[in-house]
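Quick one: the structure is below, questions incoming.
The values are calculated or read from the model by the stated rules, or taken from the named source; none is laboratory data. Not measured: the values here are computed from a predicted model. Note that each Cβ is placed from the backbone with ideal geometry, even for glycine, and that neighbours are counted across all protein chains shown.
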Amino acid sequence: MCLVCDAENAARLASRRGFFKTVGGAGAGLALVGSGLALQAAASSAFAKSKKAPPKPQNVVSPDEALKLLMAGNARYVEGVAKRHDFRHEREPLTKGQNPYAAILSCADSRIAPEYAFDTARGDLFVCRVAGNFANDDMIASLEYAVSVLNTPLIMVLGHEACGAVDATIKSLKDNKTLPGHLPSLVEAIAPAVKASEGKGGDALADAIRQNVILNVEKLKGAGPIIKPQVSDRKLRIVGATYKLKDGRVELVS
């Protein structure tokens, strides 16, 4: 074979190799692109699944709407015309999660039952209860969970008439007497309200109960790093109220 023929054959072979390398590279590139698109689609699908509908869509409301729901429920309770709640059929949706429209920081007094007082069903209220309805670290942490995880738009601090915890605090401070057991921790938590309400000239117990609600509302509004920004952005509203034992009426405290 002549040298010219050898050169032509070598050129043709090199051309074929270059072609297959180009095609192979393009195929690999397409494969990578296809793989990337597949991963992106999978991620999008997973994200879509994570944004599942809440178990109670009717509870997805604004802070103001949540307060209206509470007060409307209390009006029904006062009049004795509570709704008929279908507890049986709402159990299944609530096994998948919860989205309460309001959180209540209430006294542990057995006469105060927020779920009844606001005529609510299961999954409507996130209730934290402690004698004297004060916001200590545990209560704040629980409410932070409601706000940040459950997207609860409203917190109500609910005091009540004739609160035994507040009355015991008043007597303990007045008599300079230490209460037994762990009761001094309640006195310590409620004492600021008792001291702030002194000398107002009205009913000492009623004034202290009201002041206790006011102070704890303010404490929650300033609780960082979770609750305070939500209040500033108007995604969360915090209000105070008192419960009347005689007729069950809840009155807002400004």
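Taking the stretch 103-136, which residues are among the aromatic types (Phe, Trp, Tyr) and either outside any strand (DSSP E or B) or touching a residue at least 40 places away in the same chain (Cβ under 8 Å) (or both)? Steps first, answer last, please.
Keep residues of the stretch 103-136 that are among the aromatic types (Phe, Trp, Tyr), which gives 116, 118, 126, 134.
Hits for the stretch 103-136 are Tyr116, Phe118, Phe134.
Taking the condition within 25 Å of the chain's Cα centre (by Cα) and either surrounded by fewer than 16 Cβ atoms within 10 Å (Cβ to Cβ) or free of Cβ contacts under 8 Å to residues at least 12 places away in the same chain (or both), does Gly202 pass? First the steps, then the outcome.
Details: within 25 Å of the chain's Cα centre (by Cα): no; either surrounded by fewer than 16 Cβ atoms within 10 Å (Cβ to Cβ) or free of Cβ contacts under 8 Å to residues at least 12 places away in the same chain (or both): yes.
Criteria not met by Gly202.
Please tell me if Asp119 is at pLDDT 95 or above and more than 23 Å from Asn59 (Cβ to Cβ). Give the steps one after another, and end with the answer.
Values: at pLDDT 95 or above: yes; more than 23 Å from Asn59 (Cβ to Cβ): no.
It is false that Asp119 is at pLDDT 95 or above and more than 23 Å from Asn59 (Cβ to Cβ).
Which condition breaks for Gly201 when tested against (1) at pLDDT below 95; (2) touching a Cys at 6+ places or on another chain (Cβ under 8 Å)?
Exception for Gly201: condition (2).
Can you name the residue in the stretch 95-107 that is small (Gly, Ala, Ser) and under 17 Å from Ile140 (Cβ atoms) and is also farthest from the chain's Cα centre (by Cα) among such residues? Let's see the steps before the verdict.
Initially, the stretch 95-107 is screened for residues small (Gly, Ala, Ser), giving 97, 102-103, 106.
From what's left, under 17 Å from Ile140 (Cβ atoms): 102-103, 106.
On the way: Ala102: 8, Ala103: 7, Ser106: 16 Å.
Ranking the qualifying residues of the stretch 95-107, first place goes to Ser106.
Within the group Gly248, Gly199, Gly240, Gly222, which residue is assigned by TED's automatic domain parsing to the domain that holds Leu154 and touching a strand residue (DSSP E or B) at 6+ places or on another chain (Cβ under 7 Å)? Give the steps one after another, and end with the answer.
Details: Gly248 fails: touching a strand residue (DSSP E or B) at 6+ places or on another chain (Cβ under 7 Å); Gly199 fails: touching a strand residue (DSSP E or B) at 6+ places or on another chain (Cβ under 7 Å); Gly222 fails: touching a strand residue (DSSP E or B) at 6+ places or on another chain (Cβ under 7 Å).
When all the criteria are applied, what remains is Gly240.
Being surrounded by 22 or more Cβ atoms within 10 Å (Cβ to Cβ), within 25 Å of Glu218 (Cα to Cα) and of a type in the set (Asp, Glu) narrows it down to one residue among Asp137, Asp124; which is it?
Answer to the selection: Asp124.
From Leu173, Leu183, Leu154, Leu158, grab the single residue that is touching a residue at least 12 places away in the same chain (Cβ under 8 Å), surrounded by 14 or more Cβ atoms within 10 Å (Cβ to Cβ) and in contact with a Lys or Arg (Cβ under 6 Å, 6 or more places away or on another chain). Show your work before the answer.
Details: Leu173 fails: in contact with a Lys or Arg (Cβ under 6 Å, 6 or more places away or on another chain); Leu183 fails: in contact with a Lys or Arg (Cβ under 6 Å, 6 or more places away or on another chain); Leu158 fails: in contact with a Lys or Arg (Cβ under 6 Å, 6 or more places away or on another chain).
Within the list Leu173, Leu183, Leu154, Leu158, the selection yields Leu154.
Taking Pro100 as the residue in question, decide whether it is of a type outside the set (Ser, Thr, Tyr), free of Cβ contacts under 8 Å to residues at least 40 places away in the same chain and on the phi < 0 side of the Ramachandran plot. Reasoning before the result, please.
Working: of a type outside the set (Ser, Thr, Tyr): yes; free of Cβ contacts under 8 Å to residues at least 40 places away in the same chain: no; on the phi < 0 side of the Ramachandran plot: yes.
No; evaluated as a whole, the condition is false for this residue.
So, in the stretch 150-175, how many residues would count as being touching a strand residue (DSSP E or B) at 6+ places or on another chain (Cβ under 6 Å) and closer than 20 Å to Gln230 by Cβ? Give the derivation first.
The initial filter retains those residues of the stretch 150-175 that are touching a strand residue (DSSP E or B) at 6+ places or on another chain (Cβ under 6 Å), namely 152, 154-160.
Next cut, closer than 20 Å to Gln230 by Cβ only: 152, 154-158.
Of the residues in that region, 6 qualify.
Turning to a different aspect of this structure: Of these, Ala108, Ala102, which one is of a type in the set (Gly, Ala, Ser), assigned by TED's automatic domain parsing to the domain that holds Asn133 and either more than 19 Å from Val157 (Cβ to Cβ) or exposed (fewer than 15 other Cβ atoms within 10 Å of the Cβ) (or both)? Please lay out each step first, then the result.
Numbers: Ala102 fails: either more than 19 Å from Val157 (Cβ to Cβ) or exposed (fewer than 15 other Cβ atoms within 10 Å of the Cβ) (or both).
Unique residue meeting the criteria: Ala108.
Mind counting the residues in the stretch 58-80 that are farther than 13 Å from Gly248 by Cα and not in a helix (DSSP H, G or I)?
So the answer is 3.
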